[in-house]
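Bear in mind these aren't lab numbers, they're just calculated from the coordinates by the rules spelled out. Note that the structure is a prediction, hence the values are computed from the model and not measured. Heads up, the Cβs are rebuilt from the backbone with ideal geometry, glycines too, and the neighbour counts pull from every protein chain shown.
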């Protein structure tokens, strides 16, 4: 069909602004400079930046946790002290009222002994946050006192040396030693040495070490002066030992330190010297009826300095009937107390139970810092994981952005040649100085370039649509799909005298549509770039599909699977668009396959691994 140009029609059809060279260059440069858009202006986040931000947030949360834990822990310990103060008051009330104890023989001494025993208070926290009373904790004391209406103390938990002595089956006494007796300075020295040894009390327990041990002071008496009537005793021959004890009994006890005392007192009314047989154990003496023997409790009760301080700061007249917290200004701790009125011989007495507790002590500090450090480590681990998770997502987004940018740049670059050619042909036609044959030739070139431009756009849309396909895998006959794809190029294969050999069969699980896309693009690429009189060899197995075709020279395959990449690095010809391998690569990835390409001087190889 011969086309005869009409100047008026040509001017009407082709003088649209798109083909004005000035407008085209503006469109092209806008497309080329797409990187200046906001998507590329955004500063990209690095893993280090994300981690730093998360760690700073973690430090801030740790600081909040540390403050909250300090306040909550302090109030919890103080509230427990208040509860225990009330419990000690109730227990002492029961001691006084039970069986009219105060009116029994040695009832007052027994009451004082119970007060001292109940005031042995050292508050600590174990690993589960519960309270124990077997370790020394500084500035934690308990005080119990019984006062008359004038504020005079009748009985109290002030520290004293206690013992329970059995003289016969019916003669058992709670006794204590008045170590503040000015006439016997040796008693004061005994108490001082005992308290010095008690400061050395330790307990070592570890799940990684078999043998645990405890160190504690132990006091023994071979004889003592006893005043049964007043419930008093004074040690005569005494030994004070610092003992290292192994609970497993794998090793014998070790005496780390020892001191001996002999206290002689002048004859006093009511005191009698008793000798004690220390051979054997107490339960053996009980069984054999060997008397007298004793249980020596040691020095029990509120330490004297603490007792004097708490008693002077909180006299009976100062305390109300209820319980409240009072500041203990010297040590910075808190005092919780409870009061009650009890009647002895129909006379009212004030019974007070007080507990001073310092929440910030050598026991609570390690636990506090342990919890804070654990929280900090947890926030760091979470910060690391969160930074890694966001970084993975960001890197995927950045790769997609780079892919879009490269695709846009490559598309703009590949559209430049046909559009500029179209613009040049149209401008020449519009001059009106061409012959009919020249006009037809130019119009034919315009149509060819329009067709090429349309194919670029179509293939680009195909590439973009690959990633949005919802695949559905089924069993596919690989040989049949390959044969059908080769059949489509039979005319071109005959024209170039290319021989094709297909070997092997296999059925694989894949999405039918995308698998055909992969194979057709690989076959198309092989047909287009195989030299005349060359050959294409296709090998099929259940593990891979290998397509080999002869080439005239070695092709650099670096980046060849990227959009618009061509083996000859030339974009000035219309022999190929450079999207076939890119489409095949994307379709392979969504099926879980791997596409590898390589090239030698004579052969190009594409291997699809299932």
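Here is how the numbers come out for the structure above:
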| item | result |
| --- | --- |
| Segment 472-610 - percent relative contact order, Cα under 8 Å, separation 6 or more | 25 |
| Separation in nanometres of the label points that stand 7 Å from Cα toward Cβ, at residue 277 and residue 594 | 9.0 |
| Gain upon complete extension [residue 71, residue 488; 0.36 nm per residue less C-alpha separation] | 142.1 nm |
| Full-stretch length increase - residue 603, residue 447 - with 0.36 nm per residue and alpha-carbon distance subtracted | 52.7 nm |
| Residue order, fewest to most surrounding Cβ atoms within 10 angstrom, among 399, 116 | 399, 116 |
| Simple spin-label estimate for residue 267 and residue 362 in nanometres, 7 Å along Cα-Cβ | 4.9 |
| Gained length - residue 553 relative to residue 153, 0.36 nm times residue gap less alpha-carbon distance | 132.7 nm |
| Least to most buried among 557, 335 (fewest other Cβ within 10 Å first) | 557, 335 |
| Two-site label geometry, residue 480 and residue 212: point separation in nm, points 7 Å out along Cα→Cβ | 7.5 |
| In range of the label at residue 189: residues from segment 222-264 whose backbone nitrogen is under 16 Å from the point 7 Å along Cα→Cβ | 235-241, 258-264 |
| C-alpha center-to-center spacing [segment 576-607, segment 524-555] in angstrom | 11 |
| Order of 537, 90 under a 10 Å beta carbon neighbour criterion, fewest first | 90, 537 |
